[in-house]
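The values are calculated or read from the model by the stated rules, or taken from the named source; none is laboratory data. Quick caveat: nothing in here was measured; it's all calculated off a predicted structure. Cβ placement follows ideal geometry from the backbone for every residue including glycine, while neighbour counts extend to all protein chains displayed.
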Amino acid sequence: MTTVVEPQKLATTDFKGKVDPDWCVGCGDFGVLSALQKVLAEMNIQPHDVVTISGIGCSSNLPGFINTYGMHTLHGRALAVATGVKMANHKLHVIVTGGDGDGFGIGGNHFIHTMRRNVDLLYVAMDNQIYGLTTGQTSPTSRKGMKTKSMPYGNVEEPINPIALALTAGATFVARGFSAEPRHLLDLMKQGIQHKGFAFIDVFSPCVTYNHDNTYAWFRQRVRKLEDDKSYDPSDWHAAMKRSLLWGDEIPIGKFFQRTDLPSLDQAEQIIDERGPLAYRENRIASHVVEKFVSELM
Amino acid sequence: MDRTFAVAIGGAAGQGVATPGDIFAKLFARRGLHVNAYNAYQSIIRGGHTFLTIRTGIENVRCFGDHIDLLIPLNQDSIDRHLNLMKAGSAVVYNSDIIKPIGPCEGVQLCPLPVSQLSKGSRSKVEQNTFALAASLKLMGLDFEPLAEILTEQFMRKGGKVVTDNLDIARAGYEYAAENFQPFVHPLPKTDTQYAVLSGNIALAMGGAAAGVKFYCAYPMSPSTGVLHWMAGHAREAGIIVRQVEDEIGVINMAIGAAHAGVRAMCATSGGGFALMSEGIGMSAMMETPVVVIDVQRAGPSTGVPTKTEQGDLWQMLGAGFGDFPRLIAAPTDILDCFKLVPEMHNLADRFQCPGIILSDLLLSEGRSSIDPRELNFVTEIDRGEMIVAGDPNTADQIYNRYQITESGISPRAIPGVPGHMHTASTDEHDENGVLISDEFTNPLKRRAMMEKRQRKVAGIESAVQPPVLLGETGATVTLIGWGSTDGVIREAAEILNQEGISTNHLQIRWLVPLHGEAIMRVLKSSKYSIIVENNYSGQFARYLRSETSYVPNGYIRKYDGEPFMPHHIVDAVKEQLASKTHTRHSVPMHEIRV
């Protein structure tokens, strides 16, 4: 007779980091961190099977506050680092966290290319439309006209649209959350982790210190869940594109788009197969292969 | 150097200089002769002037030498550029339908091939190359059979008809030469050995495969792209993931990500791409995640001269990434060393958990050399250093500190996926357990302790690397000092000087960091007249050596015209400096060949 040992159920506290977050009281990022800890516990994913990777910025401090493997990399480079991690060990759950300046400004190039490669990871951008850690400058998502320390007469540039950008760059899962809607956000995260491919969630995560335009109240009045519209079909790319352009009195949140027919990069990569993660493969090349390599040169 | 023989092919890009070049190199290497080849080319796909020199001989041929024995110009421009440099006893084989030799060339055998008459109406554009190739072999005293073999291999894919056509053309050229031209006095010798012929870039890539590299990524950049091409072409058989990335910033970060997750990772670029990687070099040092980066130097600054060589990136490597941290920098001394250095660098980078930089240049990376295939050792030592992987004896009950303070400065590195060893690797300064001490927990004592922990690795690195050794007799009149790729040409220059009665020894530097300044000073203490030879304007190595040791040599020989040194450049400069009554002991040799 065999006994089935139930895997130990994990609790949110199992994902509590070595230190508590040092974000400002009321920062939107708290909601994102707690949703992430909760979803990992709910999905019973072991902390050592997760790598949380960030760039630099307030929100990029997140890996230090969660008990998983973590990498707190360079400003804007988290997605490139994460791609390398996933290639070396595709069995790991890779979660990338960061802010709008990190991901859409300095990291914009990697953002686009990681999406078109369909790297299997969850990317959570904590979008507060401001540079916080550098004490309040205009970000790529700051609204036109917004006054900051770097643009005291008002931003003259159009903001980037992360959702539309993700859709055109080929992301296979595109969603938007709001840190004050924790259950909704958690559900998006769960779908994003389950999605085999690049899952992008742009999360409104208000900065209570430097952004007095896009406040909790401002968002609360405007956000509308796509899930509440029963006619909305997230497999329809054109419909998603149309909704992504909505901004103003009504701003959609929820899952804009998902397609599951494209292989992720690790699935497309021929080297990754039943032999398991690259990190655990034999270092040596078989002697008959070496002989062939050398004979080509003779 | 015993007698060598050099053949050069000149033509416009797109005229097919490379194929006959490859065939010559293969023929020589299969005949048991050593080969060294260098291609002077331009950043152009069609047109311009490309000049490939292949030099062969019984002993190891370490550079492309000083003169051409046989010139094959494929167009008028090529013969115009090079005929005046041909010496008595040499020969020129050319298509007399389109090329007319102009100017004096005393003692040079002109070998015109009436290509249209010989080809009997066949219209292949590159057939003049095959005629010239076959005729040249006859002049060198080679049999027809080996050429037939290579042509068959070369054209087999294109079908039997193409093979037969090419063999017919080759035979016609060979026979025409037998009837009309005078063979060289010394036919090419033959030995029983067989050599492989490879470029430095292939050697670097194969070195990576031998080192167990499992992740390679790059952005195309001349002259480093050959590494990417070999890696990509052999990735599946070798079990290596090869990725082309959006830019070099992405490249280094992706490589570090892969390395962090437990594989050996490598990337290659040239100076401009390396500039973009600088911040990543610092990340590797701070996270203590090993990564190996190859910089194939080309003439700078900025876009510079993409197809020309230089040793101009040394200070960029020394200063790459801000702040203080241990790093490894070495410059391979020849193409075989390109192969050997890569596993060595990976072992050290893994052991000391720091960035390792390999400083090649266009001369080595795009040059070709013959190598005894037994030297391509794929079972070389692989030392991954102190690494904790899943399945290791379970220490989960103990508290794991990723950046544990140790005497050696090395802290055991757990890769993601190992239970009980979760930690965050951070580019911010951090405590032993990985917690940031850059913001809330800033602490001067901890910062100092972490800085000293990392820097303690330097002592270990120094003792892990051998100091350089003097070649030749101590007490020689002249000591030539070089670094990296100039080894071959300096060795040959020293041989010539010794033969001419100027006793010369030679110190070649391979490891730049660690430098072993004290060992170098012990060697140089007994030198009488020392000259630092390098392929750059400002004497980057001379300045570095002085900054580390206060050593000032007696003279300098520098070249920064984009072309590599030829032995006579060094020999002539040494003689001038020894004869000089003035204080001007700084020679900048002129490159006589117009390429």
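Of note:
- Identity of the residue in the range B:245-266, touching a residue at least 60 places away in the same chain (Cβ under 8 Å) and at the interface with chain A (Cβ under 7 Å from one of its Cβ atoms), that ends up farthest from residue A:71 (Cα to Cα): B:262
- Filter result for residue B:375 (touching a strand residue (DSSP E or B) at 6+ places or on another chain (Cβ under 9 Å), of a type in the set (D, E, K, R) and under 30 Å from residue A:293 (Cα atoms)): yes
- Only one of the listed residues (A:258, A:221) is in contact with a His (Cβ under 7 Å, 6 or more places away or on another chain) and more than 14 Å from every other protein chain (Cβ to nearest Cβ). That residue is A:258.
- The lone exception for residue A:129 - which of (1) at negative phi; (2) in contact with a Lys or Arg (Cβ under 9 Å, 6 or more places away or on another chain) it fails: (1)
- Some residue of the range B:497-509 being in contact with a Pro (Cβ under 8 Å, 6 or more places away or on another chain), among the aliphatic types (A, V, I, L, M) and either part of a loop (DSSP other than H, G, I, E, B) or closer than 19 Å to residue B:330 by Cβ (or both): yes
- Residues that are assigned to a loop (DSSP other than H, G, I, E, B), hydrophobic (A, V, I, L, M, F, W, C) and closer than 21 Å to residue B:309 by Cβ, drawn from the range B:1-60: B:17, B:44, B:45
- Qualifying residue in the range B:358-379 (condition: touching a Lys or Arg at 6+ places or on another chain (Cβ under 8 Å), at pLDDT 95 or above and surrounded by 24 or more Cβ atoms within 10 Å (Cβ to Cβ)): yes
- Residue B:382 being surrounded by 15 or more Cβ atoms within 10 Å (Cβ to Cβ), of a type in the set (A, V, I, L, M, F, W, C) and either touching a residue at least 12 places away in the same chain (Cβ under 8 Å) or out of contact with any Cys (no Cβ under 6 Å at 6 or more places or on another chain) (or both): yes
- Among residues of the range B:407-422, those that are at the interface with chain A (Cβ under 7 Å from one of its Cβ atoms) and either under 19 Å from residue A:86 (Cβ atoms) or touching a Leu at 6+ places or on another chain (Cβ under 8 Å) (or both), counted: 5
- Meets criteria (among the aliphatic types (A, V, I, L, M), within 11 Å of chain A (Cβ to nearest Cβ) and surrounded by fewer than 24 Cβ atoms within 10 Å (Cβ to Cβ)) for residue B:242: yes
- Residue in the range B:493-502 that is within 29 Å of residue B:354 (Cα to Cα) and without any contact (Cβ under 8 Å) to a residue 40 or more places away in the chain present: no
- Helices (runs of 4 or more DSSP H) fully within the range B:107-185 counting 3 or more residues that are surrounded by fewer than 18 Cβ atoms within 10 Å (Cβ to Cβ): B:145-155, B:160-180
- Residue within the range B:401-414 that is without any contact (Cβ under 8 Å) to a residue 24 or more places away in the chain and β-branched (Val, Ile, Thr) present: no
- Any hit, the range B:383-406, residues being polar (S, T, N, Q), within 10 Å of chain A (Cβ to nearest Cβ) and farther than 30 Å from residue B:207 by Cβ: no
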